[in-house]
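J.: After the structure tokens below, expect a handful of questions from me.
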Amino acid sequence: MLAAMFSGRYKLEVDTEGRYFIDRDGTYFGHILNYLRDTSLLPQASVALHVYREAQYFRLEKLICRLECYPSIIPYVLIEEQKKDFTEPYLHWKHVLLETAQRKYHQFVKFSIGRNCALTVTRYASNKDYKLSATVSKSYSSLSDEKQSYQSHQFFCVDEKGERLEYYIGLDLPMVDFIVPDEDIPDCRLFTSLAEKDLQLEGFCVSGSLSHAWKCLRCNATGLLHQMAFIWVLPCPNMNMVSQVTI
């Protein structure tokens, strides 16, 4: 892209001193110039992701390939590839997830006293799994007359294969904060996996490990309950400044 810009085919803006104007933040452009002067001059790991994004903008394919070997960039590339399969619905439901978590944290902060750390859990389910858990459990009281009797569910947490019973949940599953339509997110588990990594890259302390499969022993219905845990920490003031003020 840089070669095309300065090939003479395009009219570029210059200032009064004849300097070319490029509408990008110049903070990391020095690393781009260093690489163009000497391909052995690669950025430090601490700024690699920022330089990678600039290299993408300027379409410097060789630099992009070199940077994609950095540990900090490998997960970023994989996550961006996963996002392509979800597109706009993913961004919408990620926003709903984050907005719900923030609302819960706001409620905690509003009434908390003497606590600067909080754990909030946002629960959600696919529309298909939610419907399964909401139906009435049916069982046959007699094989001869096939009379139906209606009973409450008996929900247990199970492993991924739906075999081993981990612990008893109850007659009902925990209330969910929102339901994800199947047409938006066909595989809610992939959504949880992607959202967890995506939010971690953005700086959130978050984990989807509380998500689990469930099974009803009465009707054998199975599904997934997705749970995203957020840890929120209030920033602590400089204690030296506090002591100076109190003195």
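J.: Determine, for THR192, THR27, THR100, the number of other Cβ atoms within 10 Å of each Cβ, and report the residues in order from fewest to most.
T.: Ascending number of Cβ neighbours within 10 Å: THR27, THR100, THR192.
J.: How many nm separate the modelled label positions at PHE111 and ARG24, each set 7 Å beyond the Cα in the direction of the Cβ?
T.: 5.0 nm
J.: For the pair TYR167/LEU234, report the inter-label distance in nm, with labels modelled 7 Å from Cα in the Cβ direction.
T.: Simple spin-label model gives 2.9 nm for this pair.
J.: Among MET175, MET228, which comes first, then next, by fewest other beta-carbon atoms within 10 Å?
T.: In increasing order of surrounding Cβ atoms, one gets MET175, MET228.
J.: Any chance you could run the full-extension gain for SER152 through HIS95? It's 0.36 nm times the residue separation minus the Cα-Cα distance, nm to one decimal.
T.: 17.0 nm
J.: Using a ≥ b ≥ c from the Cα gyration tensor of region 71-114 (square roots of the eigenvalues), is it rounded, prolate or oblate, where a/c under 1.5 gives rounded and otherwise the larger of a/b and b/c decides, a/b for prolate?
T.: oblate
J.: Right, something else. Sort the following peptides by mean Cβ neighbour count (other Cβ atoms within 10 Å, averaged over residues), highest first: 209-215, 199-205, 35-41, 107-113.
T.: 209-215, 199-205, 35-41, 107-113
Just so you know, all these numbers are worked out from the coordinates, no wet-lab data involved. Only a predicted model underlies this, so the values are computations on that prediction, with no experimental measurement involved. Heads up, the Cβs are rebuilt from the backbone with ideal geometry, glycines too, and the neighbour counts pull from every protein chain shown.
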